[in-house]
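A short reminder: the numbers here are calculations on the coordinates, not readings from a lab. Model, not experiment: these values are computed from the prediction. With ideal geometry, Cβ positions are generated from the backbone for all residues, glycine too; neighbour counts draw on all protein chains shown.
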Amino acid sequence: MADAVRIANRLVWRDGALSEGTRRVPEETAVALTYNGGTYAVMMATPQDLADFAIGFSLNEGLIAARDEIISLDVVSLPDGIELRMWLPDALAQRLAERRRAFAGPTGCGLCGIDSIAEAVRPVARVPEGRGFLPRDVMTALAAIEPLQKLNHETRAVHAAAFWSPARGIVALREDVGRHNALDKLAGHLAQTRARASDGIVLLTSRVSVELVQKAAAMGAPVMVAVSAPTALAIRMADAAGITLIAVARNDGFEIFTHPERIVAGTDPGARSTQADQSHVA
C-alpha cells in the first residue's frame, strides 16, 4: 500500500535568500472503484482508510443501501494506483450496470463525470429529525478536531471530516486530499461500526458545496458544521433536506444557515427524544 506522506525536496526564498530543505507532502493516488469486475469511478485520493472510502462512496452514491450488500471488498495495489474491488449480489450488479459511468475525478471534485444537470442537483431525502445541541456542543466539537488531524499536522495540505457525539466526543476522523473523499471515508467508518449519524454532528474542515450536503443527507446526518462558508446551492439543498447547516465556524462562534431549531440555547438538548434515535446510518 502506498504511503500517505512523502518527503519532497524544495528551495525556500525567504528574507532575501534561498535555502534548501525538504517538506512532508500528502500522497495522491489514482483509486479505481470497481463492482463485479467493472470500473465505476476513478478518483484521486489519499491512500489510507480505503476500505472506509469504498463503503462510504458506495453508500453516498446510492449504489448500495447498506454495508452488508457488499459481498466482498479487496484493496489491491497496482503499478499505477489502487483498485477497490467490490462484489455485489447479481440483482444489484445488474442495476448498477444499467447506470454505470466511468469517470476520472481530479482532487477535490465531487461531481466529476455526472452526465446530466438533473443528476448533479438531484433531490435528497429529508434526514431524521435528530437531537438538539447546545451552542457549546458545537464549539466543543469544533475544538476537538484540530489535535486529531495527524496527516494535516505533517503536510498542511489535506481536509478532514469527523463525527462528534455528546457521549463519546470525536467518534471518528478521516483525512484526504479531497474533501469529498474524506466525507466518504467517514461515512464508510460509521456504516461499519453501526454508528448513527443522527446521534451527533458531522464536522468538515472545508467549505460546503452541494455535493457535501448530498453526502451528509445520504448518511442521515441532521447537523453538519464547516469551518468555511457554504455556497448558495448548498444552503438551498440543506434546507430542502432538513439539515442544520452551520458554517464559518471558528473559535469565536459560528453561523447557522438552515434549520436553527436544533441549536437549543439554554435548554438540555438531551431531553429531546425523536424517531431519529431509532434510525441507522447503514
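So what is the relative contact order for the chain, in percent, with contacts set as C-alpha pairs under 8 Å and at least six apart? The normalised contact order for the chain reaches 19 percent. Rounded to the nearest 5, what is the percent of antiparallel bridges among the DSSP beta bridges in the range 135-278? Beta bridges within the range 135-278, antiparallel portion: roughly 65 percent. Ellipticity at 222 nm from helices only: DSSP H runs of n ≥ 4 in the chain, each -39500 (n - 2.57), divided by the residue count, give -8000 deg cm²/dmol.
Between residue 13 and residue 74, the contour length at 0.36 nm per residue exceeds the Cα-Cα span by 17.5 nm. Normalised size of the chain, defined as Cα radius of gyration per 2.2 N^0.38 Å with N residues, equals 1.03.
Largest GNM mean-square fluctuation across 221, 161, 249, computed for the chain with C-alpha springs under 10 Å, falls on 249. What does the charge count near residue 87 come to, summing +1 for each Lys or Arg and -1 for each Asp or Glu among other residues with Cβ under 14 Å from its Cβ? Value of the local net charge: -3. Net charge in the neighbourhood of residue 240 (other residues with Cβ under 13 Å of its Cβ; Lys, Arg +1, Asp, Glu -1) is +2.
Note on residue 61 and residue 236: with the Förster distance fixed at 22 Å, the Cβ-Cβ geometry gives a FRET efficiency of about 0.55.
Given their separation in residues at 0.36 nm each and the Cα-Cα distance between them, residue 94 and residue 150 gain 16.1 nm when the chain is fully extended. Expressed per residue, the C-alpha convex hull volume of the range 135-278 stands at 102 Å³.
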